[in-house]
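Comments concern the structure below.
The values are calculated or read from the model by the stated rules, or taken from the named source; none is laboratory data. Given the structure is predicted, the values throughout are model-derived calculations rather than measurements. Cβ: placed from backbone, ideal geometry, glycine included. Neighbour counts: every protein chain shown.
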Amino acid sequence: MTLDAEVAHVTVRVGLNGQVPRCQHLDLLVAVKHGLPECKQCLALGWVWARLLVCLSCGWVACSDDSPGGHAKGHYEETDHPVVAELDPGSTWRWCYVHGRTV
């Protein structure tokens, strides 16, 4: 189903039962090897992170937004690499910074 917003001249695609459309940024990802399980910026500052995230575009590892530095988001702002995943064995959590949601 396609909804047309006449005022904004934008077409929004809506999935079944109100589901959001698939994030197209996932289709652009290739397999990357991630770095060491540490946030280098936090280590340099003597900070402790809450969670580590890995950039799925380049493999850069950095702390999450709920950490004091929020360095993963900073990496996105510098590089425009849109999708990160939690660096935790067995986790399937992924976040798209462009869409501002889990994917």
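Observations, loosely collected:
Residue by residue, here is whether (1) modelled with pLDDT under 50; (2) more than 20 Å from Arg101 (Cβ to Cβ); (3) in a loop (DSSP other than H, G, I, E, B); (4) β-branched (Val, Ile, Thr) holds:
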site: Leu3; (1), (2), (3), (4): yes, no, no, no
site: Val7; (1), (2), (3), (4): yes, yes, yes, yes
site: Asn17; (1), (2), (3), (4): no, no, no, no
site: His25; (1), (2), (3), (4): no, no, no, no
site: Val30; (1), (2), (3), (4): no, yes, yes, yes
site: Gly35; (1), (2), (3), (4): no, yes, yes, no
site: Glu38; (1), (2), (3), (4): no, yes, yes, no
site: Cys42; (1), (2), (3), (4): no, yes, no, no
site: Trp47; (1), (2), (3), (4): no, yes, yes, no
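- Filter result for the condition that a residue is free of Cβ contacts under 8 Å to residues at least 24 places away in the same chain, among the acidic types (Asp, Glu) and either in contact with a Leu (Cβ under 8 Å, 6 or more places away or on another chain) or under 23 Å from Pro21 (Cβ atoms) (or both), over Glu77, Glu86, Glu38: Glu38
Each row is one residue, and each column tells you yes or no for (1) in contact (Cβ under 8 Å) with a residue 24 or more places away in the chain; (2) closer than 13 Å to Val83 by Cα; (3) among the polar types (S, T, N, Q).
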{"residue": "Val20", "(1), (2), (3)": "yes, no, no"}
{"residue": "Leu26", "(1), (2), (3)": "yes, yes, no"}
{"residue": "Ala31", "(1), (2), (3)": "no, yes, no"}
{"residue": "Cys42", "(1), (2), (3)": "yes, no, no"}
{"residue": "Leu45", "(1), (2), (3)": "yes, no, no"}
{"residue": "Val48", "(1), (2), (3)": "no, no, no"}
{"residue": "Arg51", "(1), (2), (3)": "yes, no, no"}
{"residue": "Cys58", "(1), (2), (3)": "yes, yes, no"}
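- Every residue from the stretch 56-74 that is surrounded by fewer than 22 Cβ atoms within 10 Å (Cβ to Cβ), closer than 18 Å to Thr102 by Cβ and touching a strand residue (DSSP E or B) at 6+ places or on another chain (Cβ under 6 Å): Ser64
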